[in-house]
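Colleague: Sharing a structure, written as structure tokens. Questions coming.
Each reported figure results from applying straightforward, stated rules to the coordinates on display, with no laboratory input. Remember, predicted model here, so these are calculated numbers, not experimental data. Note: ideal-geometry Cβ built from the backbone for every residue, glycine included; neighbour counts use all protein chains shown.
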Amino acid sequence: MKHTNTDHIRSHIQAIDRCNQRGGRMLSLVDLVAAGSIDLPAAAYLAATMRSGASLLVGARPGGAGKTAVMCALLNFLPNQTSIRAISSRYVIDDARRNDRPGETCYLAHEIGAGSYYAYVWDQEARAFFRLVSLGHIIASNLHTDTLEETWDQLCGENDIPQAHVDAVTLKVYLRNTRGRGWNVQRWVSHIYESDGEDRLLWTGAPGEAFTRHSPSRVVTIADESEYASFLQGLLKKKVRHMEQVRAALLER
């Protein structure tokens with residue numbers, strides 16, 4: 001069993017690390033809490049929701065805002081049995097529709113964007129990608145939008161993706177960043193939306209402050225959130241930060 005867990009962790013982290021275009025260690029959700037990019041209750045909610053098999057979009061208009069870091073930190077909380085597969089070609093989407101059972105795989109587009117970059121989707125491929133979530137599959141990506149309204153404009157307007165397919169994505173997370181003296185960048189999660197067919201604002205945040213909750217979740221329970229708050233708090237106390245360590249702790253629960 002230990003060997004199986006080791007193989008799983010290696011494969012899982014390798015799939016996530018392929019998103020890393022800037023080098024260095026990928027940040028975990030524990031790192032983001034420690035840095036003040038998100039507070040513990042909001043992080044626990046996101047962890048619990050990802051563990052339930054949620055699909056995910058992370059948005060911020062500027063480059064370098066931390067979209068990939070947040071997306072990957074949350075992908076680390078996918079269910080144990082869920083593998084990650086990048087949309088490296090249209091054949092991946094076709095294969096998912098023919099052979100894969102919902103929940104077995106999280107289909108990952110590195111970005112919703114035009115251009116011939118690895119695992120980017122746009123136009124026809126973007127429509128096919130979002131069709132997967134309407135069929136019950138898990139998808140994840142990030143995009144250059146700052147708000148839910150801009151997301152709808154880009155996806156439903158520019159890419160002609162049906163609104164119902166966008167609404168089928170459970171989590172939509174938006175980021176902000178500020179450049180301070182010496183070009184130090186402070187990044188934080190500013191808005192978290194949850195959808196079970198209709199998007200609702202659940203959390204808003206500001207750096208160094210407790211996040212504000214606006215609505216209860218319809219996807220996970222308060223008990224689920226409390227469980228993951230305790231889990232993350234335990235990792236913080238033990239100074240367990242690396243993505244591999246966090247995944248191993250999840251598998252051992």
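Colleague: For the chain, build the charge dipole from Cβ charges (+1 Lys, Arg; -1 Asp, Glu) around the Cα centre, then report which of Ala42, Val121, Ala96 sits farthest towards its positive end.
Modeller: It is Ala42.
Colleague: Further, regarding this structure: Put a dot 7 Å past each Cα toward the Cβ at Ser89 and His8; how far apart are the dots in nm?
Modeller: 3.0 nm
Colleague: With runs of 4+ DSSP H residues as the only contributors, calculate the mean residue ellipticity of the chain at 222 nm using -39,500 (n - 2.57) per run, divided by the residue total and rounded to the nearest 500.
Modeller: That comes out to -12000 deg cm²/dmol.
Colleague: Would you please give the residues with an amide H less than 5 Å from that of Asp146, counting only those at least 5 places away or on a separate chain, with H modeled from the backbone geometry?
Modeller: Distant-sequence amide H within range of Asp146: Arg61.
Colleague: Here's another thing I want to ask about it. How high is the FRET efficiency from Asp123 to Arg18, r the C-beta distance, R0 25 Å, rounded to 0.05? Can you show the working numbers first?
Modeller: Details: r = 23 Å, r/R0 = 0.92.
Using R0 = 25 Å, I get an efficiency of 0.60.
Colleague: Mind checking the full-extension length gain between Ala249 and Ala35? Use 0.36 nm per residue of separation minus the Cα-Cα distance, one decimal, nm.
Modeller: 75.0 nm
Colleague: Please compute the Kirkwood hydrodynamic radius over the range 139-205, one decimal place, Å, based on all pairs of different Cα atoms.
Modeller: That comes to 13.1 Å for the range 139-205.
Colleague: I need the phi-derived Karplus couplings for the range 131-136: 6.51 cos²θ - 1.76 cosθ + 1.60, θ = phi - 60°, integer Hz, Gly and Pro marked x.
Modeller: 5, 4, 5, 5, 8, x
Colleague: On to the next question. About the Cα centre of the chain, what is the dipole size in debye to 20, counting +1 per Lys and Arg Cβ and -1 per Asp and Glu Cβ, all else neutral?
Modeller: On the way: 29 positive and 28 negative charges, 211 e Å.
So the dipole magnitude of the chain works out to roughly 1020 debye.
Colleague: Also, quick follow-up: Say each of Thr82 and Thr178 gets a label point 7 Å from the Cα, pointing the same way as Cα to Cβ; how far apart are those two points in nm?
Modeller: It is 3.3 nm.
Colleague: Per residue of the range 10-26, in order, report the coupling 6.51 cos²θ - 1.76 cosθ + 1.60 (Karplus, θ = phi - 60°) as ³J(HN,Hα) in whole Hz, putting x for Gly and Pro.
Modeller: Each residue's phi maps through the Karplus curve to give 4, 5, 4, 5, 4, 5, 5, 5, 5, 7, 7, 9, 10, x, x, 6, 5 Hz.
Colleague: Right, here's the next one. Quick one: which residues, 5 or more positions from Val58 or on another chain, have an amide H under 5 Å from its amide H? H modelled 1.01 Å from N in the peptide plane, none for Pro or chain starts.
Modeller: Ser141, Asn142, Leu143, Val173
Colleague: Taking the alpha-carbon distance from Lys237 and a cut-off under 13 Å, which aspartates and glutamates remain once sequence neighbours fewer than 8 residues away in the same chain are dropped?
Modeller: Of all the aspartates and glutamates, those that pass the test against Lys237 - Cα under 13 Å, at least 8 places apart if same chain - are Asp31.
Colleague: In whole Hz, what ³J(HN,Hα) sequence does the range 191-197 give by Karplus (6.51, -1.76, 1.60; θ = phi - 60°), x for Gly and Pro?
Modeller: Karplus values, whole Hz, x for Gly and Pro: 9, 10, 10, 10, 10, 10, x.
Colleague: Calculate the spin-label point distance for Arg200 paired with Val185, positioning each point 7 Å from the Cα along the beta-carbon direction, and give it in nanometres.
Modeller: With each label placed 7 Å out from Cα toward Cβ, I get 3.4 nm.
Colleague: Further question: Could you tell me the center-to-center distance, by alpha carbons, between the range 12-73 and the range 197-253 in angstrom?
Modeller: The range 12-73 and the range 197-253 have Cα centres spaced 12 Å from each other.
Colleague: How long are the three semi-axes of the equivalent ellipsoid for the chain, computed from the Cα gyration tensor as the root of 5 times each eigenvalue, in whole Å, largest first? If you can, show how the numbers build up before the last one.
Modeller: Details: eigenvalues 126, 97, 68 Å².
Each semi-axis is √(5λ); the values are 25, 22, 18 Å.
Colleague: Can you pull the three principal axis extents for the Cα set of the range 6-154, in Å, largest first?
Modeller: Computed over the range 6-154, the largest-to-smallest principal extents equal 41, 37, 28 Å.
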